[in-house]
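See structure below.
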Amino acid sequence: MENSQNSQNFEPNNNFSFQDSIRVTDAVIQSVTANRNESLVTISYNDCPACRAQTQVTLVVNRTTDIRNENGRNIPARELEPGMIIDAAFSRNMTRSIPPQAQAFQIRVKNSNPNFVTTVGRILEVNTRGQFILTISNGNPANTIRFNVTPETRILDPIGRSISLSNLIPGLRVRVEHAIFMTLSLPPQTTAFTIRVIR
């Protein structure tokens with residue numbers, strides 16, 4: 001969602017020009033993966049308000065990325081968490097991967113309290129290779145959702161102990177805290193923040 005009116009949300013930065021960047025507002029962080037030199041921050045945002053379509057892009061965040069919290073204070077990438085609402089400016093040059101990757105220039109945290117919704121359902125499939133589960137709610141195939149599991153996803157047994165994805169099996173009833181936005185695919189997909197087995 002390119003919007004020149006949103007440029008006041010960002011301060012000038014010698015590392016890039018706004019003409020060479022894409023700027024999005026109210027994006028939701030879906031996942032954060034960090035290594036020694038950079039972090040990969042996958043976000044979802046609405047670039048078509050009339051059609052409710054969600055776009056995903058993975059931001060490559062490194063030392064040149066200007067990251068600030070709600071108070072305007074510089075923060076490190078490790079403080080970014082799934083569910084946060086951000087504004088972002090990133091390069092128009094993207095990889096052909098799915099989702100595409102682009103260098104992040106600036107990130108402004110607007111709401112650091114992770115936003116999520118909760119879905120209760122039964123597991124239809126556990127895919128440890130693809131790192132996802134499929135659930136169905138109320139026995140209705142139309143309520144099937146694919147929950148993608150990231151390194152930050154917490155998976156808990158009924159008494160709150162941490163378990164691995166391989167401990168989950170079809171038929172288990174789970175409560176999933178997940179991102180608000182879902183893809184328009186069939187079944188819809190979203191990122192799981194917490195998966196808890198319930199009795």
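Test of the criteria: in region 70-156, which trypsin sites (Lys or Arg not before Pro) are in a DSSP loop and have at most 12 other Cβ atoms within 10 angstrom of their Cβ? Numbers along the way, then the final one.
Numbers: sites: ARG73, ARG78, ARG92, ARG96, ARG108, LYS110, ARG122, ARG129, ARG146, ARG154; in loops: ARG73, ARG92, ARG96, ARG129.
Qualifying residues, ordered by number: ARG73, ARG92, ARG96, ARG129.
Quick one: how many Å² of SER162 are accessible to a 1.4 Å probe, rounded to 10?
Rounded to the nearest 10, the figure is 100 Å².
Relative contact order (percent) for region 97-154, with alpha-carbon contacts under 8 angstrom and 6 or more residues of separation?
21 percent
ARG173: net charge of surrounding residues, Cβ under 11 Å, Lys/Arg +1, Asp/Glu -1, itself excluded?
+4
If you take the charge dipole of the chain about its Cα centre, with +1 on Lys and Arg Cβ and -1 on Asp and Glu Cβ, which of LEU186, ALA34, GLY171 is farthest toward its positive end?
Positive-end residue among those listed: GLY171.
Using unit Cβ charges (K, R positive; D, E negative) and no other charged atoms, how large, in debye to the nearest 20, is the dipole of the chain about its Cα centre?
620 debye
So what is the relative contact order of the chain, in percent, for Cα pairs below 8 Å that sit 6 or more residues apart?
It comes to 18 percent, rounded to a whole number.
Using alpha carbons only, what's the Rg to Rh ratio of the chain with Rh from Kirkwood?
1.00
For an R0 of 25 angstrom, estimate the FRET efficiency from the Cβ-Cβ distance between GLN131 and ASN37 and round to the nearest 0.05.
0.60
Of the accessible area of the chain, with the probe set at 1.4 angstrom, what percent is carbon plus sulfur?
47 percent
Name the most mobile residue of GLN189, GLN131, GLN30, meaning the one with the largest mean-square fluctuation, in a Gaussian network model of the chain with Cα contacts below 10 Å.
Answer for the Gaussian network model of the chain: GLN131.
Given charges of +1 on the Cβ of Lys and Arg and -1 on the Cβ of Asp and Glu, with all other atoms neutral, how large is the dipole of region 105-199 about its Cα centre, in debye to the nearest 20?
Dipole about the Cα centre, nearest 20: 140 debye.
The values are calculated or read from the model by the stated rules, or taken from the named source; none is laboratory data. Being a predicted model, the structure only gives us computed values, none of them experimental. In this analysis, Cβ positions are derived from the backbone assuming ideal geometry, glycine residues included, and neighbour counts consider all displayed protein chains. Side chains are part of the model used for accessible areas, which takes the heavy atoms of the whole protein and leaves out ligands, DNA and RNA. Shrake-Rupley method; radii C 1.70, N 1.55, O 1.52, S 1.80 Å.
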